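First comes the structure, then the notes that go with it.
The values are calculated or read from the model by the stated rules, or taken from the named source; none is laboratory data. Given the structure is predicted, the values throughout are model-derived calculations rather than measurements. With ideal geometry, Cβ positions are generated from the backbone for all residues, glycine too; neighbour counts draw on all protein chains shown.
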Amino acid sequence: MSKTATLNIKDEMVNLYLNNLDLISEGSSSLMNHHREEAIQNFRILGIPTLKNEKYKYSKIESVFSNEYEKYFAPKHITFKVDDIFRCDIPELDTHLALVLNGFYMPNPNRLQVMENGVVIGSMIDAAAKYPHLFEKYYNAQAENGSDGLVALNTAFAQDGVFIYVPKGAVCTKPIQVINLLMAEENLLVQYRNLIIMEESSQANVLICDHSLSPKRFVSNVVTEIIVEANAQLEFVKMQNEHNDSTQLTHTYTKQERDSKLITNVLSLHGGFIRNNLYMQLAGEGADAHAYGLYLTDRTQHTDNYTFIDHAVPNCTSNELYKGILDEQATGAFNGRILVRRDAQKTQAYQSNNNLLLTPDAKIRTKPQLEIYADDVKCSHGATVGQIDYEALFYMRARGIGEREAKLLLMFGFTHEVVKQISIESLRERIDDMVNKRLRGELSRCHSCPMNCC
Amino acid sequence: MLVIKDLHAKINDKEILKGINLEVKPGEVHAIMGPNGSGKSTLASVLTGRELVEVTHGSVTFNGKNVLEMPAEIRSREGIFLSFQYPVEIPGVSMVNFMKAAVNEHRKYRNLEPLSASDFLKLLRERKELVEIDSALTNRSVNEGFSGGEKKKNEIFQMAMLEPKLSILDETDSGLDIDALRVVANGVNKLKTAENATIVITHYQRLLDYIVPDFVHILYNGRIVKSAGKELALELEEKGYDWIKNGN
């Protein structure tokens, strides 16, 4: 028997950690290294979540790890210019750009850009060195290492990632765009870490784009921590557009203080296996959270969104809308938990999940979960699973629109309810366009990538 | 233009149309009247290609082409338009996108280039004015949250956009107040030319005060039992459908 067959994934990961700890630490920051030991201990207890774990009931995470993957503990030297092989599909957008290759921040041109108004965009490693006080306060403060093995695994291994800091009162008018690229000659597991700090009364828009550029198996296990302080506003848009051999495991933790506003929009346009965890904590009165999501799946793709909105204090609002279209043999899940704690009076929390199944083989499991311990609240949730509306289809055909085009218009209309929530017009139009392409099957490969990998 | 010969059709094994004969020529307005359940809407469904209805016998030709073999979208592109009795709400699809897709599919069928964005908007504006519909309606999703009157006006607006050769107005007057009725009728009259034709399906004579028919047909129990000029509608209004049911 081979070595991998006899060792289980957990032991393998722990051994990998122990054997490479020096390399991992060397290629990272002492402030991140500081958390590794405890994290690996947690992982030793928790392991990779199995189907027995209620939260992971609908996604076989273990099978993702049954393949062999390379792990890089230092950025690989690359012999190409990223610009030559990758062109962002959102070209007219004027953004502050950050590039991450296989989980390591790419100098572009510097590893840390400091704007005139004090906004910082850069690598986690360099930011930790320059802003230790921010790191000590916020790094790993929200991530639940004690309850989710994948999060603990990330904390143990993550070496770099993106750091965004918007200081008190600063308004970042240009959107910040982070492009995560996966490119390797072998199957690869990447684990990186992002930290976004929005200080009091600051404002920013952050767009994250995930792409895979070579026809190899990729697993990304990514933790992002976001803090939105009093009166601050953040719009966080994540676009997942990877090939069918890619797996994304994302864990996003947000914490909002008094009168802050946060909009998250997770657009899963393409990917083999996607599991997104979103934890939103409303920690200050008057905080307003909006969680939007869209998943478009076909073939044997799988997309699973788990969201947890925690109304910890009174007078907060949350509004959640996730929509999905599943074609062919695609499968998916939505589990939306809303917790209204005992003292969180005057909470308003709304949740909705709507799904369109295009074939008899496509499957979606949807599970709204409302737990309310306060007595003066307004909450609602609803989930629908349906098919293309025959009456609407006939109506459109009766106006001369062919069946395929009519279906596309209907699907596009269905998705637009999520996309229209994006506030930047040029971005919204581009994403509408990408969704349209995706629905037409024209987004079958990663943009200008020369490799026809999906 | 339209020739219907001995048309029989059923829905779920129940025969609804039991031998319809009708010929419509360019420039004509035909009214089809009849009590509930007589087959009026089924006839409209057969003509526009609704798949729930099964034709068991007879033929329908439109400018010499066999209509029954055409899918709904081809019938539309050939120039047959149905104003729905119950227009469908389509959330998320804007009127503008809906009409742009429809107009351009019609143009493609005639080997014409799609309209440019500005030409399309110009056409949209012109036609809105022609049929006097509220400008804001085209900024909304198709029929979503429209009042009954707005939905019917929107049907006539779509008719104006697509310029059909044959328009079938299925109970377009139902649920309309007198002002909306006038707007709808004016729209239909303005669109009337010597080349196109209209079939008005209605319960009541009221609409026919505004859209004056050349011929009135009374449909009863799946057959046209009486055909005459516009005076027939008035006679029917006076005597009621019992007059027909009692075998006259």
Quiz item: Within the range B:199-211, can one find any residue that is more than 19 Å from B:V24 (Cβ to Cβ), at pLDDT 95 or above and polar (S, T, N, Q)?
Solution: no
Self-check item: Subset of the range B:188-238 [out of contact with any Gly (no Cβ under 9 Å at 6 or more places or on another chain), assigned to a loop (DSSP other than H, G, I, E, B) and among the hydroxyl-bearing types (S, T, Y)]
Solution: B:Y204, B:Y210
Self-check item: Of the criteria (1) surrounded by fewer than 22 Cβ atoms within 10 Å (Cβ to Cβ); (2) touching a helix residue (DSSP H, G or I) at 6+ places or on another chain (Cβ under 9 Å); (3) within 14 Å of chain A (Cβ to nearest Cβ), which one B:F157 fails
Solution: (1)
Quiz item: If you take the residues of the range B:68-90 that are among the hydrophobic types (A, V, I, L, M, F, W, C), without any contact (Cβ under 8 Å) to a residue 60 or more places away in the chain and outside any loop (DSSP other than H, G, I, E, B), which of them is farthest from B:E144 (Cα to Cα)?
Solution: B:L68
Practice problem: Looking only at the range A:410-432, count how many residues are surrounded by fewer than 17 Cβ atoms within 10 Å (Cβ to Cβ) and either of a type in the set (S, T, Y) or within 11 Å of chain B (Cβ to nearest Cβ) (or both). | Solution: 4
Quiz item: Quick one: what pairs do we get from the range A:313-332, first residue among the basic types (K, R), second modelled with pLDDT of 95 or more and surrounded by 19 or more Cβ atoms within 10 Å (Cβ to Cβ), C-beta under 6 Å, 6+ apart or different chains?
Solution: A:K323/A:L294; A:K323/A:N354; A:K323/A:V418
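In the list B:R223, B:R182, B:R206, which residue meets the criterion of being of a type in the set (D, E, K, R) and in contact (Cβ under 8 Å) with a residue 60 or more places away in the chain?
Criteria check complete, one pass: B:R223.
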Self-check item: Candidate set from the range B:75-94 (those that are closer than 20 Å to B:T172 by Cα and surrounded by fewer than 23 Cβ atoms within 10 Å (Cβ to Cβ)); member that is farthest from the other protein chains (Cβ to nearest Cβ)
Solution: B:Q85
Exercise. Go through the range A:152-179 residue by residue and tally those that are over 30 Å from A:L46 (Cβ atoms) and out of contact with any helix residue (DSSP H, G or I) (no Cβ under 8 Å at 6 or more places or on another chain).
Key: 12
Quiz item: What is the residue count in the range A:138-189 for residues that are among the hydroxyl-bearing types (S, T, Y), at pLDDT 95 or above and out of contact with any Leu (no Cβ under 8 Å at 6 or more places or on another chain)?
Solution: 1
Quiz prompt | Selection status of A:L182, in contact with a helix residue (DSSP H, G or I) (Cβ under 9 Å, 6 or more places away or on another chain), buried (at least 23 other Cβ atoms within 10 Å of the Cβ) and within 30 Å of A:E68 (Cα to Cα) | solution = no
Quiz item: Which condition breaks for B:V60 when tested against (1) at pLDDT below 95; (2) more than 13 Å from chain A (Cβ to nearest Cβ)?
Solution: (1)
Practice problem: With respect to B:N111, determine if the residue is free of Cβ contacts under 8 Å to residues at least 24 places away in the same chain and facing another protein chain (nearest Cβ under 10 Å). | Solution: no
Quiz prompt | Residues satisfying the stated conditions in the range A:219-236, i.e. hydrophobic (A, V, I, L, M, F, W, C), assigned to a strand (DSSP E or B) and under 20 Å from A:A170 (Cα atoms) | solution = A:I226, A:I227, A:V228, A:L234, A:F236
Quiz item: Is the range A:108-131 home to any residue that is assigned to a helix (DSSP H, G or I) and either hydroxyl-bearing (S, T, Y) or surrounded by fewer than 17 Cβ atoms within 10 Å (Cβ to Cβ) (or both)?
Solution: yes
Quiz item: Which residues, counting only those in the range B:9-57, are more than 27 Å from B:E235 (Cβ to Cβ), within 14 Å of chain A (Cβ to nearest Cβ), in contact with a strand residue (DSSP E or B) (Cβ under 8 Å, 6 or more places away or on another chain) and buried (at least 20 other Cβ atoms within 10 Å of the Cβ)?
Solution: B:V46, B:T48, B:V53
Quiz prompt | Single condition A:N145 does not satisfy, out of (1) closer than 30 Å to A:D11 by Cβ; (2) touching a strand residue (DSSP E or B) at 6+ places or on another chain (Cβ under 8 Å) | solution = (2)
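Against the condition buried (at least 18 other Cβ atoms within 10 Å of the Cβ), at the interface with another protein chain (Cβ under 7 Å from one of its Cβ atoms) and either free of Cβ contacts under 8 Å to residues at least 12 places away in the same chain or within 30 Å of A:L262 (Cβ to Cβ) (or both), how does A:R397 come out, does it pass?
Spelling it out, A:R397 is indeed buried (at least 18 other Cβ atoms within 10 Å of the Cβ), at the interface with another protein chain (Cβ under 7 Å from one of its Cβ atoms) and either free of Cβ contacts under 8 Å to residues at least 12 places away in the same chain or within 30 Å of A:L262 (Cβ to Cβ) (or both).
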Self-check item: Residue list for the range B:203-236, filter: surrounded by 14 or more Cβ atoms within 10 Å (Cβ to Cβ), among the acidic types (D, E) and farther than 22 Å from B:N186 by Cβ
Solution: B:E235
Practice problem: Look through the range A:400-409, keep the residues that are buried (at least 24 other Cβ atoms within 10 Å of the Cβ) and in a helix (DSSP H, G or I), and return whichever of them is farthest from the other protein chains (Cβ to nearest Cβ). | Solution: A:A406
Quiz prompt | Evaluation of A:K437 against (1) touching a helix residue (DSSP H, G or I) at 6+ places or on another chain (Cβ under 6 Å); (2) without any contact (Cβ under 8 Å) to a residue 12 or more places away in the chain; (3) more than 13 Å from every other protein chain (Cβ to nearest Cβ) (one fails), failing number | solution = (1)
